[in-house]
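The values are calculated or read from the model by the stated rules, or taken from the named source; none is laboratory data. Remember, predicted model here, so these are calculated numbers, not experimental data. Cβ coordinates were reconstructed from backbone atoms using ideal geometry, including for glycine residues, and neighbour counts include every protein chain displayed. Ligands, DNA and RNA are stripped out before the accessible areas are found, and what is left, the full protein with its side chains, is counted by its heavy atoms. Shrake-Rupley method; radii C 1.70, N 1.55, O 1.52, S 1.80 Å.
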Amino acid sequence: DNLGADRYVIVVQQREFRYFTREVDLLYSPSAFVYVDLIPVPDKNADAAPPGATISARLPSNDTARQEFEKGQEILASTKDPKDSISHLQKAMKAEPSFEPTYVLLGKAYMDEKDWKNAETVLRKGADLDPKDFAASFMLGACLNQEKDFAAAEKTLLHSLEINPRAVEGHYELARTYFSLNDWQKAEPHVAQALKLDPNFAPAHVAMGNVFLRKGNVASA
């Protein structure tokens, strides 16, 4: 929860299973999925893990909610058709309405389906449950952009950047809001910040090209 935009290494160690490590890239997205391969190594202890931080991977406390959440999460991560995940996540939400990550995951599924209205509804509930969750606020802002509610998107995305000022996509999405409002002057510093945080983020280069065009600087564009 509330991780900065960066690359992380997930380390899993368990007695009698092979040591597992996997890199996760959160530079461009506030969430990611990791499948862990637990390979038995009988009669051996887990290898020693390198020093590092511990990150909680939260799950619902209710058994039904946990099963449905994990099923919905697995389907959403492994298929190009998010519709199959929605019913499971809806059941998880009903079984444990206070578990905020379900709303974020369900919002993502709706957004993948381009069902912006339902996405807005569940993401707003998630943001209300945890006002400090960057993913809920960021995704809600992106959804509001799609619905062309730019005033609400600006407010929501500014809040998401208060939570995580180093979120590359947060700055880029807010710049898109300002471009839609025909205010490239407000967009420019957020595009510049996105490029400062990640010079390899291609969409921000395109956005900066548009800024230069607005300025009449064709060569730089």
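Before moving on, here are some points about what is shown:
- Using the Cβ-Cβ distance between Tyr19 and Arg66 with R0 = 25 Å, the FRET efficiency computed as 1/(1 + (r/R0)^6) comes to roughly 0.45.
- The Lys148 and Val36 beta-carbon pair, evaluated with R₀ = 41 Å, returns a calculated FRET efficiency of approximately 0.50.
- Once backbone amide H atoms are built at 1.01 Å from N, Val24 has Tyr8, Val9, Ile10 as its partners under 5 Å, excluding neighbours fewer than 5 places away on the same chain.
- Between 0 and 90°, nearest 10: helix 184-197 axis offset from the chain longest Cα axis: 40
- Carbon + sulfur, % of accessible area of the chain - ligands and nucleic acids excluded, 1.4 Å: 50
- Heavy atoms of the protein chains alone define the surface here; on that basis the chain has 57 Å² accessible area per residue at 1.4 Å probe size.
- With respect to the chain, whose longest principal axis is taken over its alpha-carbon atoms, helix 100-112 is tilted by about 60°.
- Of the residues Tyr19, Pro189, Ala109, the one whose Cα sits farthest towards the positive end of the charge dipole of the chain is Pro189 (charges of +1 on Lys and Arg Cβ, -1 on Asp and Glu Cβ, taken about the Cα centre).
- With respect to the chain, whose longest principal axis is taken over its alpha-carbon atoms, helix 63-78 is tilted by about 60°.
- Per-peptide packing, taken as the mean over residues of other Cβ atoms within 10 Å, places 66-79, 152-165 in the sequence 152-165, 66-79 from highest down.
- Filter on Lys125/Lys215; Lys71/Lys117; Lys94/Lys186 - keep pairs with C-alpha separation over 29 Å: Lys125/Lys215; Lys94/Lys186
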